[in-house]
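> Quick one: structure below, then a few questions.
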Amino acid sequence: MTINRREFLKVSAAGAAAVGVGSLAGCTGTKGSGNVVIIGGGYGGATAAKYIRMWSEGGINVTLIERNTNFVSCPMSNLVLAGERKIEEITVSYDGLRKHGVRVIQGEVTAIDPDKRTVKLATGDAIAYDRLVVSPGIDFMFDSVPGLTAELSETKIFHAWKAGPQTIGLRKQLESMRDGGTYALCIPKAPFRCPPGPYERASVIAHYLKTHKPKSKVLVLDANDDIQSKKGLFMAAWKDLYSGIIEYRPKHEISSLDAGSMTVKFEFGDAVKADVLNIVPAQTAGMIAHKAGLVNVNKRWCGVDWRSTQSQVNDTIHVLGDATQSAPGMPKSGHMTTQHAKIAAAAIVNLMSGQQLPEPMHIANTCYSYVDNKQAVHVAAVYAYDTEKKTYIGVKGASGVSTARNEIEGKYAWAWAKNVWADALL
Amino acid sequence: MTRTSVMVAVALIGLGGSAFANDANYGRNMASACSSCHGTNGKSVGGMEALNGYSKDKMVKAVQDFRSGAKPATVMHQLGKGYTDAQIEAIATFYAAQK
């Protein structure tokens, strides 16, 4: 992919001038101008790209830089592991964003220069921005599991906590596992991406094994004290559908891994030897956020102003999604990330047309989880911005889970996915 | 909806409306949270009800009925409780204007 650097810088200078004029004139009618660069084309980056183009009515130039060729969804990827869906069904091209006028570049960002307002690519090219959106997702803290390395996690002990080759790798291992084998899933201490994700994964893989290799076992080894989301619903499903297959062991923090013998040891409790070992390591904001000095909370997450998602470190940079230090009770979820993106898009369009920040909007989260091939459960909540606490707070009474697992929500879960993908990418 | 409850709703909307009057995009922005499920600008791609061109009064009433339980729901009874009638009115005004 070649980028004409001069062209970008030229456009950028013109954009900056236009913004200046707009704000001097106190102009409120304009829909914005200038250049936004977005790092990361996941739920956050893609949604932000589309909404900035849409809400600025094409006034703002948007460049999206993403390392992968296509968007592959983490939500629904457990269904691929279970053999219920193909990877193609959870993959969406970036062509839809191109139709919105987004310049999509496949590439790797190696550095951000906040003073010059440029983003550097692995190719050596630099791209200038007036505002930057950093939506890098998570990276893994491999040293949190002694014995695990990045290389092992790409060849033998998959996390499958980012969808794509990881998903395919783990699916192949499950397919070739013998009947009577043990699949072990190791869950890190919270906070991690997608709180109900591990328990959904255990459920749908148990469904696959029950149907195809009924002598097999699913061992859930959780570093946390308890199931992190929709506990009652998962426990009911495991008791009713998978007794003798799923075994849940809380308070199991890994102390060491021996990849040769496929054995994990824990601070407390018996060591486990597995046929398929699926270790999800602890997580932190994507590496580029660290490199750019945007990680200012617990050395792990990026603090932002939730009225705009502007970084607490640099107000020309917005950070979205799982990389952020969540407001209290806000899960790291794909759905939530799309909401961050809409806060960002509304704020950016206003700021780039010389207007004040928008009136804070409410945001909503819903996470559907399948418990078998047809039935799903959900958790949902609405959050409102609290001007005194300067953060989003769950609206009282506006949250809850399904009363029981059901097939209607199995259908809604897939409809949610199709609609949220279209909302972000088409 | 009875005549008095319509009047009460209108009164509430009037009060709430003024709080958002300084932001012309309030309805659009608030509605974008619904669009994750119901489609961009309410244009569902399937499996969820489309909300573009949805009658404003019908939407306010639907959400009230979700909240009260009069209209059965899997999720809308929970989400609906996150918004006042005035806020739903702002959202509904936006969706009603979408083609």
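> Quick check: from the Cα gyration tensor, does the stretch A:230-280 come out rounded (a/c under 1.5), prolate or oblate?
prolate
> Can you pull the one-decimal nm distance between simple spin-label points at A:Lys273 and A:Asp143, each 7 Å off the Cα toward Cβ?
Between A:Lys273 and A:Asp143, the label points sit 3.2 nm apart.
> While we're on this one: Taking only Cα atoms and a 10 Å spring cutoff, compute GNM fluctuations for chain A and point out the largest among A:Lys217, A:Lys389, A:Lys156.
A:Lys389
> If I model a spin label at A:Lys299 and A:Arg98 as a point 7 Å from the Cα along the Cα→Cβ vector, what separation in nanometres do I get?
Label at A:Lys299, label at A:Arg98, 4.3 nm between them.
> Sticking with this structure for a sec: Taking the DSSP beta bridges in chain A as the whole, what percent of them are antiparallel, to the nearest 5?
55 percent
> On to the next question. Any idea which of A:Asn224, A:Pro281, A:Ile60 is furthest toward the positive side of the dipole for chain A, if Lys and Arg beta-carbons carry +1 and Asp and Glu beta-carbons -1?
A:Ile60
> Starting from the 7 Å offset along Cα-to-Cβ, what nm value, one decimal, do you get for the label separation of A:Ala190 and B:Ala97?
Distance between the two pseudo-spin positions: 4.1 nm.
> In addition: Which FRET efficiency, nearest 0.05, do B:Ala50 and A:Lys31 yield, Cβ-Cβ r, R0 25 Å?
Working from the Cβ atoms, E equals 0.45.
> Which value in Å is the Kirkwood Rh of the stretch A:166-265 over different Cα pairs?
Radius from the Kirkwood sum: 14.1 Å.
> Mind checking A:94-106 for the average number of partner chain beta-carbons within 10 Å of each residue's beta-carbon?
Mean number of neighbouring Cβ atoms from other chains: 0.
> Using a ≥ b ≥ c from the Cα gyration tensor of the protein assembly as shown (square roots of the eigenvalues), is it rounded, prolate or oblate, where a/c under 1.5 gives rounded and otherwise the larger of a/b and b/c decides, a/b for prolate?
Oblate, because a/c is 1.5 or more while a/b does not exceed b/c.
> Ignoring ligands, DNA and RNA, what percent of the accessible area of the stretch A:92-162 is carbon or sulfur (1.4 Å)?
Here carbon and sulfur together make up 50 percent of the probe-accessible area.
> Note the full-extension length gain between A:Asn373 and A:Met287 as 0.36 nm times their separation in residues minus their Cα-Cα distance, in nm to one decimal.
Working it through step by step, the gained length comes to 27.4 nm.
> Relative to the present Cα-Cα distance, how much length would full extension add between A:Glu89 and A:Ile393 at 0.36 nm per residue of separation?
Difference between extended and current length: 106.0 nm.
> Which of A:Pro114, A:Gln356, A:Ser153 sits closest to the plus end of the dipole of chain A, meaning its Cα is farthest towards the positive end, when Lys and Arg get +1 and Asp and Glu get -1 on the C-beta?
A:Gln356
> Next up: Of the listed pairs A:Lys50/B:Lys99; A:Lys120/A:Lys418; A:Lys162/A:Lys374; A:Lys299/A:Lys332; A:Lys231/A:Lys411; A:Lys99/A:Lys172, which have alpha-carbon separations greater than 25 Å here?
Checking Cα-Cα distances, A:Lys120/A:Lys418; A:Lys99/A:Lys172 exceed 25 Å.
> Calculate, in nm to one decimal, what A:Ala150 and A:Leu357 gain on full extension: separation in residues at 0.36 nm each, minus their alpha carbon distance.
Taking 0.36 nm per residue and subtracting the Cα distance, the gain is 70.4 nm.
The values are calculated or read from the model by the stated rules, or taken from the named source; none is laboratory data. Because the structure is predicted, anything quoted here is derived from the model rather than measured. Ideal geometry is used to build each Cβ from the backbone, glycine not excepted, and the neighbour counts take in all protein chains shown. The protein model used for the area step is the full one, side chains on, heavy atoms only, and it has no ligands, DNA or RNA in it. Shrake-Rupley method; radii C 1.70, N 1.55, O 1.52, S 1.80 Å.
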